[in-house]
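The values are calculated or read from the model by the stated rules, or taken from the named source; none is laboratory data. Because the structure is predicted, anything quoted here is derived from the model rather than measured. Note: ideal-geometry Cβ built from the backbone for every residue, glycine included; neighbour counts use all protein chains shown.
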Amino acid sequence: MDILGLSAVELGKKIKAKEISVTDATKAVLAQTASVEPHINSYVTIDEKGALAQAEEIQKKIDNGELVGPLAGVPAAVKDNMCIKGQLTTCGSKILSNFKPTYTAEAVLNLQKAGAVLIGKTNMDEFAMGSTTETSYYGPTMNPHNMRHVPGGSSGGSCAAVAAQECYYSLGSDTGGSIRQPSSFCGVVGMKPTYGTVSRYGLVAYGSSLDQIGPVTKNVTDCAAVLQTIASYDSKDSTSVKREDYDFMRALTEDVRGLRIGIPKDYFTEGLDREVADAIYAAAKVLKEQGAVVETFDLSLVQYAIPAYYVIASAEASSNLERFDGVKYGYRTAEYEGLHNMYKKTRSEGFGAEVKRRIMLGSFVLSSGYYDAYYLKALRTKALIKAAFDKAFESYDIILAPAAPTTAPELGKSLSDPMKMYLSDIYTVSVNLAGLPGISIPVGRAKNGLPIGMQMIGNSFQEKTLLRAAYTYECATGGCYEQPAHIPAADLAGKEA
Amino acid sequence: MAKQYETVIGLEVHIELATKTKIFCGCSTEFGGAPNTHTCPVCTGMPGSLPVLNKQVVDYALAIGLATNCQITQVCKFDRKNYFYPDNPQNYQISQLYLPIARNGWVEIETNGGKKKVRIHEMHMEEDAGKLVHDEWDDTSLVDYNRSGVPLVEIVSEPDMRSAEEVIAYLEKLRMIVQYLGASDCKLQEGSMRADVNLSVREVGSDTFGTRTEMKNLNSFKAITHAIEGERERQIELLEEGKAVVQETRRWDDNKEHSYAMRSKEDAKDYRYFPEPDLVPIVISDEWITRIKSQQPEFRTEKLERYKREFDIPEYDAGLLTESKKMADLFEATTAICKKPKKVSNWLMVETMRLLKDNNMEPEDLRFSPENLAKLIDMADAGTINSSVAKEVFEQIFLNDTDPLVYVEEHGLKTVNDEGALKETLEKVIAANPQAVADYRGGKEKALGALVGQTMKAMKGKANPGMVNEMLKEMLKD
């Protein structure tokens, strides 16, 4: 049996039916990581011993009926910015290269309660700052579909790991597109839920008002199952929202009749790759054939999203990252004279270039004399963008958009021009600014063989609408319960050589 | 003629709130405790931890804001104040800048110069920092985060005070209000109330302010008074010499009774304040305000009037008793048991005050129970013990909350009311003091006192002085 080819929910069923043991599934995944990791580098840490121990324990709980959920016994991975008690949590940074948290993030606890076998922690852009997973202190992650290309970022490790079958699903975090963009580059399904749906407790903050944890999966069913597992009201997170509808798997019906879908004309302008645009129009046509009403419209304010996002996210990051100072945990410079010299050297040595760039940008926009001109203006822009979406959702249930202007760029091409890299976030950041849910699903491949993703944006708390549309698309294109195309381990190794 | 100068003073007062748990986590606020035992991921700034507001902090802040006649900001927010220092685990303090919970209030103070309103600019909620411990032998510093996250309010006054006397009156007024509300014990020595003094001087008649300095580390009313006087003189001296006052922060050294510059305005930090994204705005409804208002206790003025009316206590006494909530509470509780308001008032105003002073304590430090004081009063009233024994026993109650019944029994301090035994002693005293007896009989009333004293001494203080007096007079009749 092709154990690795199964989706998370399929594996869960087979485990329950005793066709596959949790240990066998875990061993298969660990074997895959052993052969793939030298080429892909999805993980910062692989906890082989711990995973096997968890597998045994979870098998017992499944056998005695304690664990009955769809994901019980299914191996998963977690982005390295979520705390797991006693396990290295680096955020892709040197400054946390020795940091082991004293507690576990709420979303991860939810996975553990559901019987997830946690394989390890996935690679990421340092502190989730980047769109390529090249800013990690632990080296770049490669795109499993073509190893000369990046997997996207910042959740590049989580997306590459799912695509390369190094786990059945993973958790990513999305501050400005960090789940949706790498999902589109790696040909997997990734969702950023409505702000407040998944607890941020234990997620090392980048932009607190924008950060949200979400699932990265092989298909839409898995996406619903994982979201259902990790979403919860958490009194430890003041921005957590108590919702009525945590039963996301119930949204998996093949029906988009009458669903109103809007395509913002202002997203399909110059800068958007022709092949990407065509793939999305083709996908829109599929949904139309299934009974959805598809129209184009003007969303407006699109050009202001990037500056507003980088001002707000960097401002929050500049403050959030102050705690990494060499005093309490993490890296401390070897030699120093006095407190301030220790701070300076620790942070200069501990942070990479992109993180420093954003700390400086964020500190600048919060400085006295600039606060009104930059930070306040960005907050006002954020409110206007939210209003533009509110208006759009009066007419539409779903907004269709690209997840990125192109397919995955080649390694080393993006960081040389940070402005260009920032601009490539154009389709994703406004969703975070407005706190909305967004999903990216694979809708084909470009001529270069790299996957193309389509983003669907919903109104606040309308994840079910997104899941229903995504599920309908998947079924209509024959993708139901079919994981997106990926390259098996043997081929990967061969190509690299 | 020498120029006349006026001192202009505004205060920033930090008050530690009496919540059981910290402002943004469930850790205990209890004073003391081994270092870093009252801590968790939140108050030690662990990555990924998030603050959750303790609603009791808002209740207390609201109560103080309402009691100081402030306008309540019904949608208020927290902001981050960014600065690097190891006592601050996140390197930012969660405070309020843009929308503090209360603004534009006032309190009335009374000094020898009469009554006056001191305006309050604003009051905000914030978290306290940890404590640094410097190990000089090892040349290292250690951090204790037990205090990190203890809730504070900061009350910022307008520059309305003109003398140390007014400053002390203002602080005493604030302290009394806050103590009456039960929102804090306001102990300067322990740091649960801290005042920073902003001071400038100007020529009398000038309507512009001079350059001000800010003084920190003032741990007692005495230090505040001395620091104000010293700083006023320092600034006047500078101006008289034609020099300028530099805007700076100065630190008071209590041992040297002198302040020295900590940092000037040029070194002033840019705190890069911005709204705290991890906390949602606090919406204070009309109902919330009404609830807090309805829970406001009886304040001093009302209490004072009631004492005069209900217990027939003189104005002066009622004033003393209500000066501290603790004292007033003790008075009412004890009176409720023994029903002798005047006697209770006497014990509190005379012996209690004396012992407080002797032991260098504040009324808030009082630990004895009203039951024991009531018992003592009843015993003295019944003549079970005489007044000098009662004072001795009260000292035990004051220090150890001793049960007076047990103490008197164990130490055999009961008044001897046995006429036979007393008569025997009196006869001996009369026989041993012929001169005093002769003096008394010769018309020197005072001589009787000496005989009473001798008798009490012989009876080891246990005699009933009234009885001694009467019997002596009787026996000395010709």
(message) On the basis of being out of contact with any Asp or Glu (no Cβ under 8 Å at 6 or more places or on another chain), at pLDDT 95 or above, more than 15 Å from B:Met161 (Cα to Cα) and assigned to a loop (DSSP other than H, G, I, E, B), does B:Ala244 make the cut?
(response) no
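Say we look at the stretch A:214-242 and pick out the residues that are outside any loop (DSSP other than H, G, I, E, B) and either within 11 Å of another protein chain (Cβ to nearest Cβ) or among the hydroxyl-bearing types (Ser, Thr, Tyr) (or both); which of these is surrounded by the most Cβ atoms within 10 Å (Cβ to Cβ)?
Once the filter is applied, the top-ranked residue is A:Thr217.
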(request) Return the only residue of B:Lys3, B:Lys81 being part of a loop (DSSP other than H, G, I, E, B) and of a type in the set (D, E, K, R). (result) B:Lys3
(message) Let me confirm something: among A:Thr132, A:Thr141, which residue is in contact with a Lys or Arg (Cβ under 9 Å, 6 or more places away or on another chain) and either assigned to a loop (DSSP other than H, G, I, E, B) or within 23 Å of A:Ile359 (Cβ to Cβ) (or both)?
(response) A:Thr132
(message) Condition first: outside any helix (DSSP H, G or I), free of Cβ contacts under 8 Å to residues at least 60 places away in the same chain and over 30 Å from the mean Cα position of the chain (by Cα). Now tell me which residues in the stretch B:386-424 satisfy that.
(response) B:His411, B:Gly412, B:Leu413, B:Lys414, B:Thr415, B:Val416, B:Asn417, B:Asp418
(request) Report, by residue number, each residue of the stretch B:76-99 that is facing chain A (nearest Cβ under 7 Å), without any contact (Cβ under 8 Å) to a residue 60 or more places away in the chain and within 23 Å of A:Phe364 (Cβ to Cβ). (result) B:Phe84, B:Gln90, B:Asn91, B:Tyr92
(request) Inspect the stretch B:55-72 for any residue being modelled with pLDDT of 95 or more, within 12 Å of chain A (Cβ to nearest Cβ) and buried (at least 20 other Cβ atoms within 10 Å of the Cβ) and give the result as yes or no. (result) no
(message) Please go through the stretch A:283-317 and give me each residue that is out of contact with any Lys or Arg (no Cβ under 7 Å at 6 or more places or on another chain) and under 26 Å from B:Tyr92 (Cβ atoms), ordered by number.
(response) A:Pro307, A:Tyr309, A:Tyr310, A:Val311, A:Ala313, A:Ala315, A:Glu316
(message) If a residue must be more than 30 Å from B:Leu279 (Cα to Cα) and among the basic types (Lys, Arg), how many such residues does the stretch B:120-169 contain?
(response) 1
(request) Just name the residue that is nearest to the other protein chains (Cβ to nearest Cβ) out of those in the stretch A:95-115 that are within 18 Å of the chain's Cα centre (by Cα) and of a type in the set (Gly, Ala, Ser). (result) A:Ala105
(request) Look through the stretch A:304-345, keep the residues that are polar (S, T, N, Q) and in contact (Cβ under 8 Å) with a residue 12 or more places away in the chain, and return whichever of them is farthest from the other protein chains (Cβ to nearest Cβ). (result) A:Thr333
(message) What are the pairs with Cβ atoms under 6 angstrom where one residue, in the stretch B:238-249, is in the same structural domain as B:Lys216 (by TED's automatic domain parsing) and the other, located anywhere, is assigned to a loop (DSSP other than H, G, I, E, B) and not acidic (Asp, Glu)? Sequence gap at least six, or different chains.
(response) B:Leu238/B:Val245; B:Val245/B:Thr211; B:Gln247/B:Thr211
(message) Any residue at all in the stretch A:217-226 that's of a type in the set (Val, Ile, Thr) and within 12 Å of the chain's Cα centre (by Cα)?
(response) yes
(message) For the stretch A:290-303: of the residues being of a type in the set (Val, Ile, Thr) and either touching a helix residue (DSSP H, G or I) at 6+ places or on another chain (Cβ under 9 Å) or without any contact (Cβ under 8 Å) to a residue 12 or more places away in the chain (or both), which is nearest to the other protein chains (Cβ to nearest Cβ)?
(response) A:Val302
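Per-residue answers, yes or no, for (1) within 14 Å of chain B (Cβ to nearest Cβ); (2) at pLDDT below 95; (3) surrounded by 23 or more Cβ atoms within 10 Å (Cβ to Cβ):
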residue: A:Leu30; (1), (2), (3): no, no, no
residue: A:Tyr43; (1), (2), (3): no, no, yes
residue: A:Asp63; (1), (2), (3): no, no, no
residue: A:Ser93; (1), (2), (3): yes, no, yes
(request) Could you tell me which residue of the stretch A:346-394 is farthest from the other protein chains (Cβ to nearest Cβ), considering only residues that are in a helix (DSSP H, G or I) and of a type in the set (S, T, N, Q)? (result) A:Thr381
(message) Given the criteria over 14 Å from the mean Cα position of the chain (by Cα), among the hydroxyl-bearing types (Ser, Thr, Tyr) and in a helix (DSSP H, G or I), does A:Tyr281 qualify?
(response) yes
(message) Can you tell me which residue is nearest to the other protein chains (Cβ to nearest Cβ) among those in the stretch B:100-112 that are touching a Gly at 6+ places or on another chain (Cβ under 9 Å) and surrounded by 22 or more Cβ atoms within 10 Å (Cβ to Cβ)?
(response) B:Ile101
(request) Using the structure shown, decide if B:Asp185 is more than 30 Å from B:Glu298 (Cβ to Cβ) and either assigned to a loop (DSSP other than H, G, I, E, B) or among the basic types (Lys, Arg) (or both). (result) no
(request) Hey, can you tell me all the residues within the stretch B:91-138 that are assigned to a loop (DSSP other than H, G, I, E, B) and among the aliphatic types (A, V, I, L, M)? (result) B:Leu97, B:Leu99, B:Ile101, B:Ala129
(request) Answer yes if at least one residue in the stretch B:21-36 is touching a residue at least 40 places away in the same chain (Cβ under 8 Å), surrounded by fewer than 18 Cβ atoms within 10 Å (Cβ to Cβ) and within 13 Å of another protein chain (Cβ to nearest Cβ), and no otherwise. (result) yes
(message) Could you check the stretch A:133-185 and list, in sequence order, the residues that are in contact with a His (Cβ under 8 Å, 6 or more places away or on another chain) and surrounded by 24 or more Cβ atoms within 10 Å (Cβ to Cβ)?
(response) A:Met142, A:Asn143, A:Pro144, A:His145, A:Ala163, A:Ala164, A:Gln165, A:Phe185
(request) Look at A:Thr221 and say whether it is touching a Leu at 6+ places or on another chain (Cβ under 7 Å) and either at positive phi or of a type in the set (Ser, Thr, Tyr) (or both). (result) yes
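Would you mention how many residues in the stretch B:266-279 are loosely packed, with under 15 Cβ neighbours inside 10 Å and either within 13 Å of chain A (Cβ to nearest Cβ) or in contact (Cβ under 8 Å) with a residue 40 or more places away in the chain (or both)?
Result for the stretch B:266-279: 4.
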(message) If I filter the stretch B:146-153 for residues that are aliphatic (A, V, I, L, M), assigned by TED's automatic domain parsing to the domain that holds B:Asp207, within 29 Å of B:Cys43 (Cβ to Cβ) and in a loop (DSSP other than H, G, I, E, B), do I get at least one hit?
(response) yes
(request) Pull up the stretch B:308-350, narrow it to residues that are assigned to a loop (DSSP other than H, G, I, E, B) and in contact (Cβ under 8 Å) with a residue 24 or more places away in the chain, then point me to the one that is surrounded by the most Cβ atoms within 10 Å (Cβ to Cβ). (result) B:Ile313
